[in-house]
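K.L.:
Below you'll find the structure I mean.
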Amino acid sequence: MRAAALSTALAALLAGCGSTLPSLPPACSDGPRFVLRALRAAPGSVRLTDGTRLSECVTRAYQDADVQQLGFTLTPVADQLARSARPADALALGYLLGAVERGASQTNGVHVELVRRLRGTVTFTDPALLAAVRRGERAGRARG
């Protein structure tokens with residue numbers, strides 16, 4: 001009887017622990033155009049419509065569906081910025097990379113493929129564009 005009560009209490013406690021994970025903020029999955037709009041502020045403070053930082057989107061994407069949704073939002077942004085030859089877009093791409101890496105560094109590695117995919121979009125050979133990416137990365141890691 002006592003073991004059954006202890007078992008029930010433990011099960012209730014564990015069930016409660018699972019529900020304490022913060023969910024993905026809605027602004028993180030609003031779509032690429034909202035992320036692009038927010039990245040216009042780079043290298044300054046980039047925030048989504050509800051004030052969420054990009055790194056926070058990454059750290060709060062725990063479930064597979066959240067990680068997938070984040071990929072559907074961020075990958076087209078990186079692709080679009082990488083196709084541009086504008087320094088401002090290279091800087092925004094770097095900021096995105098830095099912010100995603102900042103967020104991923106606080107997780108258990110579930111975001112490694114997202115980081116790899118976004119990093120793979122940087123194919124610039126122009127030294128000025130590469131310098132802009134690096135500058136953006138530093139800002140994204142610091143404030144993203």
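The values are calculated or read from the model by the stated rules, or taken from the named source; none is laboratory data. Owing to the predicted nature of the structure, the values given are computational and were not obtained by experimental measurement. All Cβ positions, even for glycine, are placed from backbone atoms using ideal geometry, and neighbour counts span all protein chains on display. Areas reflect the complete protein model, heavy atoms only, side chains present, ligands, DNA and RNA absent. Shrake-Rupley method; radii C 1.70, N 1.55, O 1.52, S 1.80 Å.
K.L.:
Return the pairs, sorted by first residue and then second, in which the second residue is assigned to a loop (DSSP other than H, G, I, E, B), the first residue lies in segment 120-137 and is surrounded by fewer than 18 Cβ atoms within 10 Å (Cβ to Cβ), the beta carbons are less than 7 Å apart, and the residues are 6+ apart or on different chains.
P.N.:
LEU130/PHE124
K.L.:
Name the single residue, out of those in segment 59-111 being surrounded by fewer than 18 Cβ atoms within 10 Å (Cβ to Cβ) and charged (D, E, K, R), that is farthest from THR123 (Cα to Cα).
P.N.:
Taking the candidates together, the pick is ASP64.
K.L.:
Which members of segment 1-28 meet the condition of being modelled with pLDDT of 90 or more and touching a helix residue (DSSP H, G or I) at 6+ places or on another chain (Cβ under 8 Å)?
P.N.:
Selection gives PRO25, ALA27, CYS28.
K.L.:
Which is modelled with pLDDT under 95 and part of a helix (DSSP H, G or I), of GLN80, GLN106, GLN68?
P.N.:
One residue alone meets the criteria, GLN68.
K.L.:
So, one more: Give all pairs with beta carbons closer than 7 Å in which a residue from segment 98-117 that is closer than 22 Å to GLY44 by Cα and among the acidic types (Asp, Glu) meets a residue that is open to solvent by 40 Å² or more (accessible area, probe 1.4 Å) and modelled with pLDDT of 90 or more; count only pairs at least 6 apart in sequence or on separate chains.
P.N.:
Once the first residue is closer than 22 Å to GLY44 by Cα and among the acidic types (Asp, Glu) and sits in segment 98-117, its partners that are open to solvent by 40 Å² or more (accessible area, probe 1.4 Å) and modelled with pLDDT of 90 or more give GLU101/ARG141.
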